[in-house]
1. Give me the residue from the range 180-222 that is in contact (Cβ under 8 Å) with a residue 40 or more places away in the chain and of a type in the set (Gly, Ala, Ser) and, out of that set, most open to solvent (accessible area, probe 1.4 Å).
2. Take the residues in the range 106-136 that are of a type in the set (A, V, I, L, M, F, W, C) and open to solvent by less than 10 Å² (accessible area, probe 1.4 Å); name whichever of them is modelled with the lowest pLDDT.
3. Of the residues GLY368, GLY352, which single one is closer than 30 Å to ARG34 by Cβ, surrounded by fewer than 16 Cβ atoms within 10 Å (Cβ to Cβ) and free of Cβ contacts under 8 Å to residues at least 60 places away in the same chain?
4. In the range 419-440, which residue that is modelled with pLDDT of 95 or more and of a type in the set (A, V, I, L, M) is surrounded by the fewest Cβ atoms within 10 Å (Cβ to Cβ)?
5. Pick from the range 318-331 the residues that are out of contact with any strand residue (DSSP E or B) (no Cβ under 9 Å at 6 or more places or on another chain) and among the polar types (S, T, N, Q): which of them is surrounded by the most Cβ atoms within 10 Å (Cβ to Cβ)?
6. Tell me whether the range 254-270 contains one or more residues that are open to solvent by less than 80 Å² (accessible area, probe 1.4 Å) and touching a Cys at 6+ places or on another chain (Cβ under 9 Å).
7. Which one of these does GLY139 not meet: (1) open to solvent by 10 Å² or more (accessible area, probe 1.4 Å); (2) modelled with pLDDT of 95 or more?
8. Just wondering, is there one or more residues in the range 169-181 that are in contact with a His (Cβ under 8 Å, 6 or more places away or on another chain) and of a type in the set (Ser, Thr, Tyr)?
Amino acid sequence: MQGLNVLFQTGYDHAGISTQAAVEKQLAREGTSRQELGREAFEARVWEWLREYGGKIMFQFRRLGTSMDYRRERFTMDDAYIRAVMRFFVHLYRKGWIYRANRIINWCPFHETSLSDLELVHDEVDDALTYVLYPFADGSEGGVTIATARPATILADVAVAVHPDDERWKTAIGREVLVPFVERPVPVIPDERVDPEFGTGALKVTPGHDPMDFEIGRAHGLPELTVIGPDGRMNEQAEELAGLSQDEADARILDWIREHGQLVRRETYRHSVALCERCKSRIEPLISLQWWCRMDELKQPALEALREGRVRYHPESQHRYAIESLENAPDWNISRQIWWGHQLPVWECPEGHLTVEEDEPSECAECGSHELRRSDDVLDTWFSSALWPFAILGWPEETAELAAWYPGTLNTTAREIIRLWENRMIFSGLELMREVPFRDVIIHTTVLAPDGRRMSKSLGTGIDPLDLIASHGADATRYGLMKMASSQDVRFNVKMIEEGRRLANKLWNV
């Protein structure tokens, strides 16, 4: 409006898990599933769903009077964007920054996929804390008592760990105890990560089902057993309990412990558990073969840009948080076991050799085999979103748009995606474009429901902006939202919208 050459870009990411979940719900209502349809037919249904529902957000923006360039709408599943994503993956792989490894991950048993820590929510629940005696394996009197909230995982115990300075258990270190039910002899080991204040101070070590146990297990060279499968039920390694739910397995194991006189006591235990952000299923920590992106080198240029102020978050508290979260960023689990998204550009031959190329290769890069099978995994949605500031302008091609509008000036977003999106756009831009993608990031106000809860369609706390526009007008709605935007969290107040309507009427009358 001031005559400057400005791009206010509009577009969408493909929202891998949430979009797939929405379509799967629709299929369930029809009495079918993605497995029955097959991958190709399922993807066709997703596109059909997007054509019906995908344009609603942009329609709302238009009704609000948002002056974006709607002719330039971009989507992360556009052909040109897919090419950019494949180029990014291959680039990082060839630098040695993308690798495949077995590690413990967050597993959603409903969606049957891995999730990052940033895709979880946490809820306080009441469980039972069970105190169980693990008798000494040599038959001598006594043993070590542990406390667990998950008796089903006892089957995967490979050690008992105690803090080396805990006087209660010093004489047990180096001895063996018997794991209940399976009666497997396992060692009692010292480890400083054990919290002496929790339970009895003795920790059952289950590397296959707990992140800290996994770290302890790797440090001590312990075996890694997994008795819970991808569907959240007991797997074949649980032997006679295979196929049972965890609750059913808990009951069977508790019966055995009681019968053998090893149940010390049970008590109510309130603690925080991780849930899938989208389906609210309880997360299973599972060891899984996944693709990872090393962060140690990739994040360093972004940290320098933030510390030097070449990119600034506003308010300042969010700038400090952005730096801290990037400093502590672990290696990034970038693979997902769903069907909707960017399929990994990875092909495997019968010998197990991997070939990584932007386009489908004709033969294995290692042995020349022509029998190649593409990985079923897709990339984390945020892997592709990290390229947004330059992929929308034609990268990896050197386009006139890229020359004109990269780097940009301003990005505005909500604080919950600073780690998921903002920081990743910064390190991706510096890695591929050698420049920061924008100079300023405004962390805007989050408007809560009138009762202080987050706005949510599923909770019924959402407010449709189109309803406000219909009753008060677009100008009044914009005025009211700006008037509310006084801090990071505000409650929606319709009186602000009404005030805007009265002002608009006065201006119109003048």
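The values are calculated or read from the model by the stated rules, or taken from the named source; none is laboratory data. From a predicted model like this one, the values you see are computed outputs, not experimental measurements. Positions of Cβ are backbone-derived with ideal geometry, glycine not excepted, and every protein chain shown enters the neighbour counts. With ligands, DNA and RNA removed, areas are computed over all heavy atoms of the protein, side chains included. Shrake-Rupley method; radii C 1.70, N 1.55, O 1.52, S 1.80 Å.
1. The selected residue is GLY199.
2. Taking the range 106-136 as the starting set, the residues that turn out to be of a type in the set (A, V, I, L, M, F, W, C) are 107-108, 110, 115, 118, 120-121, 125, 128-129, 132-133, 136.
With open to solvent by less than 10 Å² (accessible area, probe 1.4 Å) added as a condition, the list becomes 108, 115, 129, 132.
Working: CYS108: 93, LEU115: 90, LEU129: 95, VAL132: 97.
Residue satisfying both the conditions and the ranking: LEU115.
3. So the residue among GLY368, GLY352 that is closer than 30 Å to ARG34 by Cβ, surrounded by fewer than 16 Cβ atoms within 10 Å (Cβ to Cβ) and free of Cβ contacts under 8 Å to residues at least 60 places away in the same chain is GLY352.
4. MET433
5. SER325
6. Let us first name the residues in the range 254-270 that are open to solvent by less than 80 Å² (accessible area, probe 1.4 Å), namely 254-257, 261-264, 267, 269.
In the following step, the residues that additionally are touching a Cys at 6+ places or on another chain (Cβ under 9 Å) were identified as none.
The answer is no, given that none of the residues of the range 254-270 is open to solvent by less than 80 Å² (accessible area, probe 1.4 Å) and touching a Cys at 6+ places or on another chain (Cβ under 9 Å).
7. Of (1) open to solvent by 10 Å² or more (accessible area, probe 1.4 Å); (2) modelled with pLDDT of 95 or more, only one is false for GLY139: (2).
8. Checked against the condition, which is being in contact with a His (Cβ under 8 Å, 6 or more places away or on another chain) and of a type in the set (Ser, Thr, Tyr), the range 169-181 yields no hits at all.
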